[in-house]
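The values are calculated or read from the model by the stated rules, or taken from the named source; none is laboratory data. Please read these numbers as outputs of a predicted model, since none were measured by experiment. Cβ atoms come from the backbone with ideal geometry, glycine included; neighbour counts cover every protein chain shown. We work out accessible area using only protein heavy atoms, side chains counted, and drop any ligands, DNA or RNA first. Shrake-Rupley method; radii C 1.70, N 1.55, O 1.52, S 1.80 Å.
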Amino acid sequence: MTVHDVHEVRAFEHPGAGRRKAKATPKGRQIDPMAAHEVEQLLGDRPRRRDLLIEFLHLIQDKYHQISAAHLAALADEMRLSFAEVFETATFYAHFDVVKEGQPDIAPLTIRVCDSLTCAMLGGERLLQELQDSAGPGIRVVRAPCVGRCDTAPVAEVGHNFVDHATVADVLATAKADDTHAHLPDYIGYDAYVAAGGYRLLNRLRAGEMSNDEILKALDDASLRGLGGAGFPTGRKWRAVLGEPGPRLMAVNGDEGEPGTIKDRYYLETDPHRFIEGTLIGAHVVEAADVYVYIRDEYPAVREILAREIAKLPAGGPRLHLRRGAGAYICGEESSLLESIEGKRGLPRHKPPYPFQVGLFGLPTLINNVETLWWVRDIVDKGADWWKSHGRNDRQGLRSFSVSGRVKNPGVKLAPAGITVHELIDEYCGGMAQGHTLHAYLPGGASGGILPAAMDDIPLDFGTLEKYGCFIGSAAIVILSQHDSVKAAALNLMRFFEDESCGQCTPCRVGTQKAAQLMERPVWNRALLEELSQAMRDASICGLGQAASNPLTSVIKYFPDEFKEAAE
């Protein structure tokens with residue numbers, strides 16, 4: 001072997017040796033200087049904490065109407081995170097428009113058309129198609145899940161401005177006028193709230209004139225339960241958190257994404273300080289120094305209102321942090337909510353441990369729904385007997401029903417717990433819409449099942465619907481008439497769950513997809529659908545997969561005529 005031969009062998013064994021030259025650029029993803037400068041300018045003097053990743057992604061999305069690969073890489077470098085961590089978070093959320101390398105830019109204006117059940121019933125599909133056909137260059141038109149305005153269906157979102165009872169002409173006029181910012185409704189501000197006695201209860205509590213035990217006793221005596229859907233006793237939850245060693249935190253679930261549900265938005269857009277006072281009372285009782293208020297991205301007006309009004313609070317008390325969702329229904333699940341607040345994908349955690357033990361940032365955490373906290377002041381001020389004096393059909397308390405669909409006057413209806421859907425429609429909604437008769441109703445939003453008109457005398461409350469395979473959840477009532485197909489409604493809901501599944505567990509990820517495919521067929525395979533539904537209920541990690549099949553099984557159980565027609 002010659003010297004030349006040995007050199008060649010060594011060059012082969014050691015890449016870069018001999019005649020091989022080093023690459024002109026280092027390995028790995030390169031940071032674009034312009035993108036790095038733009039990201040640095042957007043972040044300003046904000047701390048580069050991991051939990052602020054989603055907030056920073058919003059800054060980029062709002063500024064550039066998309067998130068480029070160059071901006072993702074620059075953000076990862078700025079925050080000292082891997083590109084993979086930033087990429088997987090950005091692509092998890094529907095409201096981040098990530099443009100991969102080589103892909104064309106996204107149109108500067110996006111119009112989202114709600115395709116959830118009530119909007120679909122009232123013309124949302126037609127509106128979507130017509131807008132896609134006529135929007136023109138520079139505008140992207142996409143479908144969107146429930147945006148929390150079911151009482152004004154169909155709804156379109158132009159930028160961050162909503163068009164209620166939307167028509168093609170109105171939506172395009174809004175887009176042309178560049179009217180893309182959230183419009184703030186009239187609401188009770190800080191001064192008016194204080195003038196009417198607001199924060200008196202909180203001040204008494206902080207001054208020691210009222211004890212934590214008195215607050216907890218009032219909640220227990222009133223039997224206040226979580227009004228976000230799970231219905232866990234509020235006083236017991238506060239005590240459980242207080243029983244854990246400090247420090248403790250508090251998180252507020254304002255990610256109201258259940259199709260048909262609009263109550264939290266209503267309360268926050270009308271009387272926000274009643275909610276804030278309830279939140280501060282809860283934080284005082286469990287000794288939480290920091291409170292994280294998570295509001296869904298579809299509620300820009302709410303976020304603006306809370307930001308303005310929180311800034312007016314006097315110094316002292318816990319720190320209130322507003323956090324912005326990014327279009328993920330799964331983040332309404334409490335552990336997914338915590339993951340999102342921490343700046344990560346909204347994947348449900350395995351339990352135990354439970355959030356009251358190991359919650360946000362690993363600390364014991366109190367998690368409450370917006371409406372639950374909204375009622376704290378009234379219940380303590382007016383007493384448990386006042387709360388329990390309301391109710392029908394042997395039930396006690398009040399319920400905020402979000403009513404939409406085929407009624408004359410949809411909206412949030414504060415009514416006695418235990419009211420029936422028949423009474424609710426007649427007494428609070430002005431009856432059915434002209435030309436419509438009650439055919440079916442959803443007693444608890446998308447996952448609460450579907451019941452026929454013949455069962456319109458069931459009291460609507462916690463514990464009254466479970467024996468029928470349904471539940472009240474967040475008390476979202478969607479009314480269907482003889483002009484609506486319950487099979488089509490169930491398919492719409494299953495497609496929603498398919499889109500919103502986080503993908504972490506196979507029973508939900510694959511189960512919702514396969515269920516939707518089977519339900520698209522003119523003839524349903526009942527045995528296969530029931531077997532699939534059972535597997536989803538038994539094996540899914542969280543409530544999304546466990547409850548997704550409720551509308552499907554309701555159709556099979558309670559609408560035999562429609563089911564038989566399909567099976568023949």
Which residue, of Gly449, Gly444, Gly430, is assigned to a loop (DSSP other than H, G, I, E, B) and farther than 18 Å from Asn550 by Cβ?
Gly430
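Yes or no, residue by residue, for (1) more than 16 Å from Ala489 (Cβ to Cβ); (2) of a type in the set (Asp, Glu):
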position	(1), (2)
Pro410	yes, no
Leu414	yes, no
Ala417	yes, no
Glu423	yes, yes
Leu438	no, no
Leu442	no, no
Leu451	no, no
Asp457	yes, yes
Cys470	no, no
Open to solvent by 50 Å² or more (accessible area, probe 1.4 Å) and either over 20 Å from Thr270 (Cα atoms) or not in a loop (DSSP other than H, G, I, E, B) (or both), is that true of Asp186?
no
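Show me the helices (runs of 4 or more DSSP H) found entirely inside region 59-145 where at least 2 residues are of a type in the set (Asp, Glu) and open to solvent by 20 Å² or more (accessible area, probe 1.4 Å). Give the steps one after another, and end with the answer.
Values: elements: 69-79, 83-92, 117-121, 124-134.
Hits in region 59-145: 69-79, 83-92, 124-134.
Filter region 350-364 down to the residues that are in a loop (DSSP other than H, G, I, E, B) and open to solvent by less than 60 Å² (accessible area, probe 1.4 Å), then identify the one that is farthest from Val291 (Cα to Cα).
The initial filter retains those residues of region 350-364 that are in a loop (DSSP other than H, G, I, E, B), namely 350-359, 363-364.
The next check asks that each one be open to solvent by less than 60 Å² (accessible area, probe 1.4 Å); those that pass are 355, 359, 363-364.
Details: Pro355: 14, Gly359: 13, Leu363: 12, Pro364: 12 Å.
Applying the filter and picking the extreme gives Pro355.
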Would you be able to tell me the number of residues in region 408-419 that are surrounded by fewer than 18 Cβ atoms within 10 Å (Cβ to Cβ) and under 20 Å from Ser389 (Cα atoms)?
1
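Scan Leu360, Leu398 and give me the residue that is among the aliphatic types (A, V, I, L, M), out of contact with any Cys (no Cβ under 8 Å at 6 or more places or on another chain) and touching a residue at least 24 places away in the same chain (Cβ under 8 Å).
Working: Leu398 fails: touching a residue at least 24 places away in the same chain (Cβ under 8 Å).
Result of the check over Leu360, Leu398: Leu360.
Just name the residue that is surrounded by the most Cβ atoms within 10 Å (Cβ to Cβ) out of those in region 436-454 that are closer than 18 Å to Gly229 by Cβ and of a type in the set (A, V, I, L, M, F, W, C).
My answer is Ala446.
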Somewhere in region 529-542, is a residue part of a helix (DSSP H, G or I), among the basic types (Lys, Arg), open to solvent by 10 Å² or more (accessible area, probe 1.4 Å) and in contact (Cβ under 8 Å) with a residue 40 or more places away in the chain?
no
Residue selected from region 227-245 under the condition in contact with a helix residue (DSSP H, G or I) (Cβ under 8 Å, 6 or more places away or on another chain) and either among the β-branched types (Val, Ile, Thr) or in a helix (DSSP H, G or I) (or both), by the criterion most open to solvent (accessible area, probe 1.4 Å)
Arg236
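Just to be sure before I move on: is Leu224 open to solvent by less than 10 Å² (accessible area, probe 1.4 Å) and either among the polar types (S, T, N, Q) or touching a strand residue (DSSP E or B) at 6+ places or on another chain (Cβ under 9 Å) (or both) in the structure I sent? Don't jump to the end; show me each part of the working.
Values: open to solvent by less than 10 Å² (accessible area, probe 1.4 Å): yes; either among the polar types (S, T, N, Q) or touching a strand residue (DSSP E or B) at 6+ places or on another chain (Cβ under 9 Å) (or both): yes.
In short, yes.
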Out of region 469-512, which residues are surrounded by 21 or more Cβ atoms within 10 Å (Cβ to Cβ) and assigned to a loop (DSSP other than H, G, I, E, B)?
Cys470, Phe471, Ile472, Gly473, Ser474, Ala475, Ser501, Cys502
Which condition from (1) within 27 Å of His160 (Cα to Cα); (2) open to solvent by 10 Å² or more (accessible area, probe 1.4 Å); (3) of a type in the set (A, V, I, L, M) is the one that Ile305 breaks?
(2)
